[in-house]
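All remarks here apply to the structure that follows.
The values are calculated or read from the model by the stated rules, or taken from the named source; none is laboratory data. Remember, predicted model here, so these are calculated numbers, not experimental data. Heads up, the Cβs are rebuilt from the backbone with ideal geometry, glycines too, and the neighbour counts pull from every protein chain shown. For the accessible areas, the whole protein counts, side chains as well, though only heavy atoms, and no ligand, DNA or RNA atoms are used. Shrake-Rupley method; radii C 1.70, N 1.55, O 1.52, S 1.80 Å.
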Amino acid sequence: MNRGRFITLEGGEGTGKSTLLEALRERLQMVGRTVMVTREPGGTELAETIRNLVLHPPEGQVWSSMAEALLMNAARTDHLEKKIRPALAAGSWVLCDRFADSTRVYQSVQNGVGVEVLKMLESSVLGETRPDLTLVLDAPVEKAALRRAERGGHADTFELRDKAFHEDVRQAFIDVARSEPERCVLLDASREADEVAQNAWHEVESRLFELRQSLSS
Ligand SMILES: Nc1ncnc2c1ncn2[C@@H]1O[C@H](COP(=O)(O)OP(=O)(O)OP(=O)(O)O)[C@@H](O)[C@H]1O
Ligand SMILES: [Mg+2]
């Protein structure tokens, strides 16, 4: 059986990751792919427990960036082992709402963990399981904040940080996308949701469907 493809969605809060994920799921299923949708931090029972611990620490408590990096990677290794790798091996296409690039970004900005340490953790945890495609959603911070406010819901530890933090996050995602153009695509997420989905689908088709054809020929 062919291995599935691994697609990750990245970007700041409220840029439209979860919305795009659903649109991609529908399209992939329409063309006959088996799709497994998941998210980070989380995706397995243990990783969801860690998610809650990291995103909603006990009141008044703050994790250091290093502690966050270790917790995110602990959650990720469980997720990869129990869910992502088995799904890919069974031929599913895996769509993951945030993945390793979010750790590169959130745990490094504003005097966070050094890039070399994050890289070492990342490569130990991921091994060979790297995303085939990463869609990085980029939108002005104010616009994303407005969308989030309209959506409502409880804010987590990162959403509560100030505008400067979110500007740094935005820039760090742009830097990740530019540093690995063969894996990452930077999408203008300030457009209408349908247009974002269309642009994303174009990338999926051109990068992953052609790759599959050339591999099997
Ligand atoms: N392109 C878009 N244009 C306008 N509104 C959008 C667009 N994409 C998503 N939205 C709306 O903005 C809100 C945030 O979108 P969504 O939840 O998909 O973002 P997210 O990146 O998953 O956020 P979070 O980081 O908080 O999980 C939702 O109410 C959604 O319906
Ligand atoms: Mg979301």
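Just the number please: accessible area per residue for the chain, 1.4 Å probe, all protein chains included, in Å².
Counting only protein heavy atoms, the per-residue value for the chain is 50 Å².
Express in whole angstrom the spacing between the alpha-carbon centres of segment 133-169 and segment 89-107.
18 Å
Lys/Arg Cβ at +1, Asp/Glu Cβ at -1, dipole of the chain taken about the Cα centre: which of Ile50, Ala87, Thr8 is farthest positive-ward?
Farthest along the dipole direction, towards plus: Ala87.
Picking from Thr19, Thr134, Thr103, which is most flexible by a Gaussian network model of the chain using Cα springs under 10 Å?
Taking springs between Cα atoms under 10 Å, the residue moving most is Thr19.
Charges at C-beta only: +1 for Lys and Arg, -1 for Asp and Glu. How large is the resulting dipole of the chain about its Cα centre, in Debye rounded to 20?
Dipole size: approximately 540 debye.
Return the ratio Rg/(2.2 N^0.38 Å) for segment 6-216, where Rg is computed over Cα atoms only.
0.99
In segment 17-87, which GluC sites (Glu not before Pro) fall in coil by DSSP and have 10 or fewer other Cβ atoms within 10 Å?
Glu59
Taking a threshold of 24 Å on the Cα-Cα distance, which of the pairs Lys83/Lys143; Lys17/Lys163; Lys119/Lys143; Lys119/Lys163 fall above it?
Lys83/Lys143; Lys119/Lys143; Lys119/Lys163
Pick from Ala100, Ala89, Ala47: which residue has the top mean-square fluctuation in a GNM of the chain where Cα pairs under 10 Å get a spring?
Fluctuation is largest for Ala89.
When the helices in the chain are scored as -39500 (n - 2.57) per DSSP H run of 4 or longer and the sum is shared across all residues, what 222 nm value do you end up with, to the nearest 500 deg cm²/dmol?
Here the helix-only value at 222 nm equals -15500 deg cm²/dmol.
What GluC sites (Glu not before Pro) does segment 133-168 have in DSSP loop regions with at most 16 other beta carbons within 10 Å?
Passing both the DSSP loop test and the Cβ count: Glu159.
Take the solvent-accessible surface of the protein heavy atoms, probe 1.4 Å, and return the percent of it on the chain that carbon and sulfur atoms account for.
After summing per-atom areas, the C and S share lands at 52 percent.
Given a 10 angstrom Cα cut-off, can you work out which residue in Leu24, Leu126, Leu95 is the most mobile in a GNM of the chain?
Evaluated over the chain, the most mobile residue of the options is Leu126.
Quick check: from the Cα gyration tensor, does segment 1-62 come out rounded (a/c under 1.5), prolate or oblate?
Cα axes put segment 1-62 in the prolate bin.
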